[in-house]
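Taken together, the values in this text are just the output of simple stated rules run on the coordinates, not laboratory data. Owing to the predicted nature of the structure, the values given are computational and were not obtained by experimental measurement. Cβ atoms come from the backbone with ideal geometry, glycine included; neighbour counts cover every protein chain shown.
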Amino acid sequence: MKYDQARWTDDDDERYEPLLSEKANREVAVEDSPLPDDLTRDSLELPDPAEPELARHYTRLSQMNYGVESGPFPLGSCTMKYNPSFTEDISRRADAAVHPDRPDSTVQGTLALCHRLQDYLGRIGGMDAVTLQPPAGAAGEFTGIQIAKAYHQHNDDERSEVVIPDSAHGTNFATAAMAGYDVVELPSGEDGRVDIEALEAAVSEETAALMLTNPNTLGLFERDIEAIADVVHDAGGLLYYDGANLNALLGRARPGDMGFDVMHYNVHKTFATPHGGGGPGAGPVGVTEDLAGFLPDPHVRSKDGGFEYYTPDHSVGKVHGYYGNWPVLLKTFAYVTRLGDAGLIDASAKAVLNANYLAEQIPYEVPFGPFHHEFVASASPQDAADAAKRMLDHGVHPPTTKWPEIVDEALMTEPTEGESKRSLDQLAAAFEAVHGEDDETLASAPERTAAGRIDQVEAARTPRLSWQALDSET
Ligand SMILES: Cc1ncc(COP(=O)(O)O)c(C=O)c1O
């Protein structure tokens, strides 16, 4: 059998790289401790690899994996675009230079950079003020909805509901519920977009906000966005923009101009640091002037020809320590600065072109369109998760599966702007191959990867929560 990923054993059942502690150990004496005897030990077994062994161990692990540098990675909504190495270099170097506890006067360069990034993001989103503090998209949502809540409370206008379309990301629902709101789910119209009549029925004087992404998770632009904004604003609510799909609009349209009052940027999707699987991110939040006084503490502003941290008047308080998730923010700054206006416009054009090209090439039904940066195909009658696992055997990463639920057996596909026509054709060939395969083949996939399919039921019912060697009985 030909494998796409390394397997560091000849045995088909054992396709793993041993832990360092299984390879080379050393007994280390523990020095005397002031703690009670029953809380200490005399010695400790620690891994003791030689440096080349260590380097090989991590190289082998990386070869057992699939990443953006292995091949196309069209994980819809996650925007797993290639992360340019120069952003890593810049972030590594600048991160090493500044201790976060240094006084403002000694970190003027760092504050200047934060201030410029606040400004860039504000101009990209059409927002008057931006905080860099939240450390992820979901954290940005939570911060943004807290800001909306604080704003209403400040105006003695207690409201109890947040309206969210049924196609929205799960974090939108979780955010509203965690902020103490009742969620009103908005059914999508037949064309996959917001239905104005359904919206009018859902919105009331209890509506604190409507959370929306545009283009939505089907990759469809909400053409009636101005009418949508009017319905929400007329009821006294705020319009929240989930910025996860901003990649489609960069340099072309701005949420602020569409009537949104508060938004988060998933900078790890739109600019650099792709993080499917839960890696590092940052979720800056932008607001209109009316909401600027509620931004988290601290915020950076210019002062006497320099910059300082300050606490906005009605701040919702702290959402993160120090500068926010600084390395990710640095990568964002590097990416935006390197691309400039023309580069950002080019990026959104290619993101949209690539999604539309790929949608045309695949044999699966794609129920809605035309798209922006992503599309949702239906794997039905195949099981979307099985089809996705089989795509790994054809050498590509699969799309996001089974979401949004309004498409049967959804394959949510976002190729991103960085992929060449060759890579898109490679992806299309994988879709084509899997489309023609029978259920039995799909159900046993993947066969050619380093890790096989796990028994998900068994894993959930009897999880192993600590490392055990594969031949261990327990
Ligand atoms: C539409 C949408 N909103 C919000 C989020 C949450 O972002 P994060 O994963 O950074 O918390 C995601 C993540 O994939 C998303 O796709």
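Dividing the summed helix terms, -39500 (n - 2.57) for each DSSP H run of n ≥ 4, by the number of residues in the chain produces a 222 nm estimate of -11000 deg cm²/dmol to the nearest 500.
Under a point-charge model restricted to the Cβ atoms of Lys and Arg (+1) and Asp and Glu (-1), what is the dipole moment magnitude of the stretch 344-461 relative to its Cα centre, in debye to the nearest 20? Walk me through the numbers before you get to the answer.
Details: 9 positive and 22 negative charges, 80 e Å.
Here the size comes out at about 380 debye.
Dividing the mean sequence gap of close Cα pairs (under 8 Å, 6+ apart) by how many residues the stretch 344-461 holds gives a relative contact order of 28 percent. The Rg/Rh ratio of the stretch 20-63, with Rg taken over Cα atoms and Rh as the Kirkwood radius over Cα pairs, comes to 1.20. Cross-link partners of residue 421 among lysines, defined as those whose alpha carbon lies under 27 angstrom from its own and excluding same-chain residues fewer than eight positions apart: 2, 81, 269, 331, 350, 389, 402.
Counting only DSSP beta bridges with both residues in the stretch 85-338, tell me the antiparallel percent, nearest 5. Mind dumping the intermediate values first?
Numbers: 12 of 28 bridges.
In the stretch 85-338, approximately 45 percent of DSSP beta bridges are antiparallel ones.
Geometric descriptor of the stretch 344-461, per residue, is 121 Å³ (volume of the convex hull of the Cα atoms).
Evaluated on the chain, the Kirkwood hydrodynamic radius is 24.5 Å, with distances taken between all distinct Cα atoms. In the chain, taking the dipole from charged Cβ atoms about the Cα centre, the farthest positive-side position among 171, 109, 148 is held by 109. Could you tell me the center-to-center distance, by alpha carbons, between the stretch 276-332 and the stretch 407-469 in angstrom? Centre-to-centre (Cα) distance: 38 Å. Take every pair of alpha-carbon atoms less than 8 Å apart whose residues are at least six positions apart; their mean separation over the length of the chain yields a relative contact order of 20 percent.
Summing Cβ point charges (Lys, Arg +1; Asp, Glu -1) relative to the Cα centre of the chain gives a dipole of roughly 1860 debye. Which is the longest run of the chain containing none of the trypsin sites (Lys or Arg not before Pro) found in DSSP loop states (not H, G, I, E, B) with at most 12 other C-beta atoms within 10 Å? With a cap of 12 other Cβ atoms within 10 Å, the longest stretch comes to 42-222.
Taking the charge dipole of the stretch 20-63 about its Cα centre, with +1 at Lys and Arg Cβ atoms and -1 at Asp and Glu Cβ atoms, the residue from 52, 36, 20 reaching farthest to the positive side is 52.
Sort largest first and round to whole Å: the equivalent ellipsoid semi-axes of the stretch 88-209, each the square root of five times a Cα gyration tensor eigenvalue. Write out the running numbers ahead of the final one.
On the way: eigenvalues 268, 62, 35 Å².
Each semi-axis is the square root of five times an eigenvalue, giving 37, 18, 13 Å.
Counting DSSP beta bridges in the chain, what percent are antiparallel, to the nearest 5? Percent antiparallel among DSSP bridges in the chain is about 60.
Report the GluC sites (Glu not before Pro) located in the stretch 404-460 that are in a DSSP loop and have at most 13 other Cβ atoms inside 10 Å of their Cβ, or state none.
Values: sites: 405, 409, 417, 419, 432, 437, 440, 447, 458; in loops: 405, 409, 417, 419, 437, 447.
Loop-located and lightly packed - 405.
Given the convex hull of the Cα atoms of the stretch 182-243, what is a quarter of its surface area in nm²?
Values: hull surface 15.8 nm².
For the stretch 182-243, the mean projected area of the Cα convex hull comes to 3.9 nm².
Legend: helices of the chain (whole DSSP H runs) are marked when their alpha-carbon atoms reach 20 angstrom or more along the helix axis and their mean Kyte-Doolittle hydropathy is at least -0.5; marked are 108-125, 137-154, 326-361, 421-435.
In plain terms, the bigger the Kirkwood radius, the slower the diffusion; for the stretch 288-379, with that radius from Cα pairs, at 4 °C and 1.567 mPa s, Stokes-Einstein puts D at 75 µm²/s. Counting only aspartates and glutamates at least 8 places from residue 318 when in the same chain, those with an alpha carbon closer than 15 Å to its own are 141, 297. Using the Cβ-Cβ distance between residue 55 and residue 19 with R0 set to 25 Å, the FRET efficiency works out to roughly 0.95. Summarised as an ellipsoid, the stretch 85-338 has semi-axes of 31, 20, 15 Å, derived from the eigenvalues of the Cα gyration tensor scaled by 5 and square-rooted, with the largest first.
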